[in-house]
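Note sheet for the following structure.
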Amino acid sequence: MSNIISFIQGIIVNVTIVAWVIFFLTWVIGWAIRGLPIPFMRIKRTGERFIEDAVWAAFWLAMGTTVFALIAYIANTFYQPLPAPPTI
Amino acid sequence: MIINDVIVIAYYLSVLGYYLGVLIYMLPIPFYGLKKWAPQLMIDSIFSAILIFSYTAILYIIRYISRIIGTDWNAFYLWSAKEIGAIAGTMASLRLIGSALASMNLKFISSSIISPLISSLTYLLIFFITLTTLLTALRIYAPTLIAIGLLLHSIPFRLSRSAGAMIISTVIIFSIAAPLMPAFIETITPSIPQQIQYSLNLLSSKITIKDIVGRPVPYAVIKIYNKGGELLARYLAGPNGEIYVSADKGIPNGTVYWNIVYGPYNYTVLMNASQYTWINRTYCSAHISLPDVVIVSEYVFIKLPTNSRVSISYHNSSSLTVNITGYEKSTFYIVYPSSIAVNITVGSNTTLLATYSYRWYNISFIIRKYDLHGNTCLSISTSKWIYTGPPNVAEYPFVNHIVKEKISSPSMLITPITQFIYAVFIGPMVYVAVLLSSSYALARLLGGAEPRIARLIVTGV
């Protein structure tokens, strides 16, 4: 069982690293497309959207641990033992 | 321990799903068909994580709601045991009727009606026990199953999200509501099915017939009549005055007349449940003492006057001396088969009034009627003993009587079975279908069950 857990943890770490790398790549590609000296606004808008997506994704990537910590905190806070049912 | 590991794996899978979503979000490609997975993956993962952290809460909610609506697994098991017992009892009764039919040379009825009924009851029993086992498994493995459901639910890309949601919802709904099945079936059943056994009212028994001093009366015949004078059963005692009536023959339970016939002698007694010695609910022993008979040897006996007093001394198994004290002007009889030579010595106060002959089945009796004034002493010894054997009485088991009645109205046989089918097949099926559709609705709430999966589970196509 612990093998599977560490395997998944490894994947998560790899995915995170790849995600950061891709963030920089997307950031660069996005700016490169946006800054192209061409008059095609559609292509330029694609570059703009790349930058936008990459920034948002970077934000959620940075917030990842926080998000799950928050879920754990909320679930534990809201799990209060319910009152005993009324007895006749 | 396994549950814990499964929960941890599920958690990490949901984290993985989240980061995969983020990764796809970042990809520098303009294919929005792929990119639309990104927010989906992130939201699904967050929802899975919420469910995983609510694992204890889910188990608590199951217990809490069960307590509120009065779920009682013990009552459910008692009900299922009662139903299984009733079906098994009915099967035994049907087998009994089948064997009685076979003994009455009506085997074709047994094979055309009884056998299909028994096999349908067998299938019913298999179905019912399987269902009970399945529900028990759901109850016992609820925590494990919910953990597995969470694991399936949190696998990224919604690969098994529907299955996970369905498992979680099924376990929740069935754990809470399955034990209420008896109440549901009771509500929709017009009347509670009765065992045929009860309507048969049949007992197995050991009957002992003895004379006034407790000596066995060999080869006596018992005829059992109901209050209307209808013959219900006829049995022949063995040489030791005992009759073993097995469950496949039976005696009627209830108030009936027992008529003991021994040659020309006839004695009737009203029997009811209080006169039996009960060994269990369907087995009893009965002792009949003939109040005015002294057995000398096989078929040789003295019929005493009413309210007389006797003292007997036995010389050997076929010779005795009897002192009889009767009222003024009473009579007694000495009865013996014509094939046996009997030496009778009577004392004073006694005169031979008449001699009769009487035929009982294959045995010819000689009856000597004596007049008695006050008391007398008589000695009887038998000689030239010839084996007569038992009377050629055709036994008429009580089961045969019932079967005759039942066969005249086959609906009486079939109705209890249809009630069983209603109570332990259709009723549970309807209830399980209701619970499955509730589970499907809850599964959609938990993350969407594919209608296809639900349809597959419910209809199998």
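The values are calculated or read from the model by the stated rules, or taken from the named source; none is laboratory data. Quick caveat: nothing in here was measured; it's all calculated off a predicted structure. Here Cβ is always computed from backbone atoms with ideal geometry, including for glycine, and neighbour counts include all displayed protein chains. For accessibility, only protein heavy atoms count, side chains too; no ligands or nucleic acids. Shrake-Rupley method; radii C 1.70, N 1.55, O 1.52, S 1.80 Å.
Considering only A:Phe50, A:Phe59, A:Phe68, the mean-square fluctuation computed in a Gaussian network model of chain A, springs between alpha carbons under 10 angstrom, is largest for A:Phe68. Under the rule a/c < 1.5 gives rounded, and otherwise a/b versus b/c splits prolate from oblate, where does the stretch A:2-78 land using the Cα gyration tensor? Since a/c reaches 1.5 but b/c is at least a/b, the shape of the stretch A:2-78 is classed as oblate. Using the Cβ of B:Pro182 as centre and a radius below 10 Å, the other residues enclosed give a net charge of -2, where K and R count +1 and D and E count -1.
The residue list A:Ala69, A:Ala58, A:Ile8 was ranked by how far each Cα lies along the charge dipole of chain A toward its positive end, using unit charges on Cβ atoms, and A:Ala58 comes out on top.
With a simple spin-label model that places each label point 7 Å from the Cα along the Cα-to-Cβ direction, the separation between B:Thr351 and B:Tyr64 comes to 10.4 nm.
This model, with +1 at the C-beta of Lys and Arg and -1 at the C-beta of Asp and Glu, gives the protein assembly as shown a dipole about its Cα centre of some 600 debye. Phi-derived couplings, Karplus 6.51 cos²θ - 1.76 cosθ + 1.60 at θ = phi - 60°, listed residue by residue for the stretch B:281-289: 5, 10, 10, 8, 10, 10, 10, 10, 10 Hz, with x used for Gly and Pro. The residues B:Ser437, B:Ser274, B:Ser120, B:Ser93, sorted by heavy-atom accessible surface at 1.4 Å with ligands and nucleic acids left out, run B:Ser274, B:Ser437, B:Ser120, B:Ser93 from largest to smallest. In the complete set of protein chains, residue-level accessible area for B:Thr355 is approximately 80 Å², probe 1.4 angstrom. The 3J(HN,Hα) values that the Karplus relation (6.51, -1.76, 1.60; θ = phi - 60°) gives for the stretch B:267-278 are, in residue order, 9, 10, 9, 8, 10, 9, 4, 6, 8, 8, 9, 8 Hz. Gly and Pro appear as x. B:Val393 contributes about 20 Å² of solvent-accessible surface, heavy atoms of the protein only, 1.4 Å probe.
When the Cα centres of the stretch B:311-357 and the stretch B:116-139 are compared, how far apart do they sit, in Å? One Cα centre to the other: 67 Å.
What number, in percent, do you get for the relative contact order of the stretch B:5-68 if the mean sequence gap of Cα pairs under 8 Å and at least 6 apart is divided by its residue count? Could you put the intermediate results ahead of the total?
Values: 41 pairs, mean separation 23.5, N = 64.
Result for the stretch B:5-68 is 37 percent.
In chain B, the longest principal axis of the Cα atoms and the axis of helix B:427-446 are about 10 degrees apart. Near A:Arg49, once Lys and Arg are set to +1 and Asp and Glu to -1 for all other residues with Cβ below 14 Å from its Cβ, the sum equals +3. Residues whose amide H lies under 5 Å from that of B:Asp211, counting only those 5 or more places away or on a different chain, are B:Val217, B:Leu290; hydrogens are built 1.01 Å from N in the peptide plane. Using the Cβ of B:Val310 as centre and a radius below 15 Å, the other residues enclosed give a net charge of +2, where K and R count +1 and D and E count -1.
Taking a 1.4 Å probe, which of B:Arg161, B:Arg95 shows the most accessible area, and what order do the others take after it? Numbers along the way, then the final one.
Details: B:Arg161 15, B:Arg95 130 Å².
Accessible-area ranking of B:Arg161, B:Arg95, largest first: B:Arg95, B:Arg161.
Rounded to whole Å, give me the distance from the Cα center of the stretch B:40-72 to that of the stretch B:269-302. With the stretch B:40-72 and the stretch B:269-302 each reduced to a Cα centre, they are spaced 69 Å. For chain A, a Gaussian network of Cα nodes joined below 10 Å ranks A:Ala72, A:Ala62, A:Ala54 by mean-square fluctuation, and the top entry is A:Ala72. Shielding of peptide B:23-35 by partners, expressed as the average count of other chain Cβ atoms within 10 Å per residue Cβ, is 6.
Only protein heavy atoms count here; under a 1.4 Å probe, B:Lys36 has an accessible surface of about 140 Å². Helix B:55-69 and the longest principal axis of the C-alpha atoms of chain B enclose an angle of approximately 40°.
In chain A, the longest principal axis of the Cα atoms and the axis of helix A:41-78 are about 10 degrees apart.
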